[in-house]
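These notes are about the structure you will find just below.
Derivation of every value follows stated rules applied to the coordinates shown; laboratory data play no part. Fair warning: this is a prediction, and the values are worked out from it, not measured in the lab. Every residue, glycine among them, receives a Cβ derived from its backbone with ideal geometry; neighbour counts consider all protein chains shown.
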Amino acid sequence: MQKTVPAPAPARSTPLSAAPGTGRGANKPAREEAGRSLWYYAWLRLRRNKSAMFGLSLVLLVVFCAIFAPWIAPYDPIEQLMWTEGPPAQLSPPSLKHWFGTDLYGRDVFSRVVYGTRISLRLAVAATVISVVIGTTLGALAGYYGGLVDDIVSWLINVIFAFPFLLFVITVVAYLPPSDTLVYTVIGAISWIQIGRIVRGQVMAIKETEFVQAAIASGASDTRVIFRHILPNVVAPVIVSATLGMGGIVMLEAGLTFLGFGTQPPTPSWGYEISRGQEYLLAGKWWWSVFPGIAICLTVLGFNLFGDGLRDALDPRLKQ
């Protein structure tokens, strides 16, 4: 007798969206991974760099003090307390009432240091913006066109580079009425050479790549090729150079003010505080110049550490 074998049950159709490795959201991680740019991996590396994060914390602290100075400073930075509190307010040592002591005129040193962040940060940012605009523009033109344009820009860079930087700035500033606008304009107009050299070298290398040659062959204008295809690829080294340069600009501004060519009194400035306070160091009145000096050191250290971290984080050879 022949045994009847039951027919197999029809296979249940599995929706395409439920199948493993398929469906509407299956390729989402792959798309997200492919969409992660250089900046994403740079941020991951930057977060693991403790010194860079410490530098970023110092920079953010300076920015915080500059923005909220009226709420942080307990006194008006130009208020001469010797007229309200008497002679004891002059060159008073650090205390609970005056954390950083007072100066010769009875002004609260802590308030002047806090407000001094505004001057230093404003001048550093303004001078950096000017140097980035000039350096990027001239560097891009020299690297892209080459020939006579490159010769002129290179000659200009070599001429400025041949002079001592501080002496060159003092020479220009000394013959004009001192003002903050003059200081950051002159600094920015001279400190662009480093960025210009970096951009020039990067543009000379990038313009020979296939995608740039394809854009040129398709009839794109020089302006479009430079600003659309080349400059976006040199943003990273420009940011690193600008960040590292801001620390030097803070030092330069303090040095000019120390010599009397920068911010003029009674406006609070770190360089002015050090210049006047150093006269009383031998008398034991150390706080007038020491605390502004510490503020300069921490600010420059913050920009340098953060700039070094950015340089390492934005290195494409370290992409993981």
Anything in the chain that counts as a DSSP H helix reaching 27 Å or more along its axis (C-alpha) with Kyte-Doolittle mean of at least -0.5? List them, would you?
109-145, 235-258, 287-313
Counting only Cα atoms, I'd like the Rg/Rh figure for the stretch 199-275, Kirkwood definition for Rh.
1.34
Span from the the stretch 186-226 Cα centroid across to the the stretch 84-138 one, whole angstrom
39 Å
Rg and Dmax of the stretch 38-318, Cα atoms, in Å?
22.3, 78
Under a crude label model (7 Å from the Cα following the beta-carbon direction), how far is residue 53 from residue 208 in nanometres?
4.1 nm
Fewest Cβ neighbours within 10 Å first, please rank 243, 299 accordingly.
243, 299
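Peptides 234-240, 132-138: what's the order by average Cβ count within 10 Å, highest mean first?
132-138, 234-240
Restricting attention to the stretch 152-235, which chymotrypsin sites (Phe, Trp or Tyr not before Pro) occupy a DSSP loop and are surrounded by at most 11 other Cβ atoms within 10 Å?
Passing sites in the stretch 152-235 are 175.
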Lys pairs in the chain with Cα under 28 Å (8 or more apart in sequence, or on separate chains) total 4
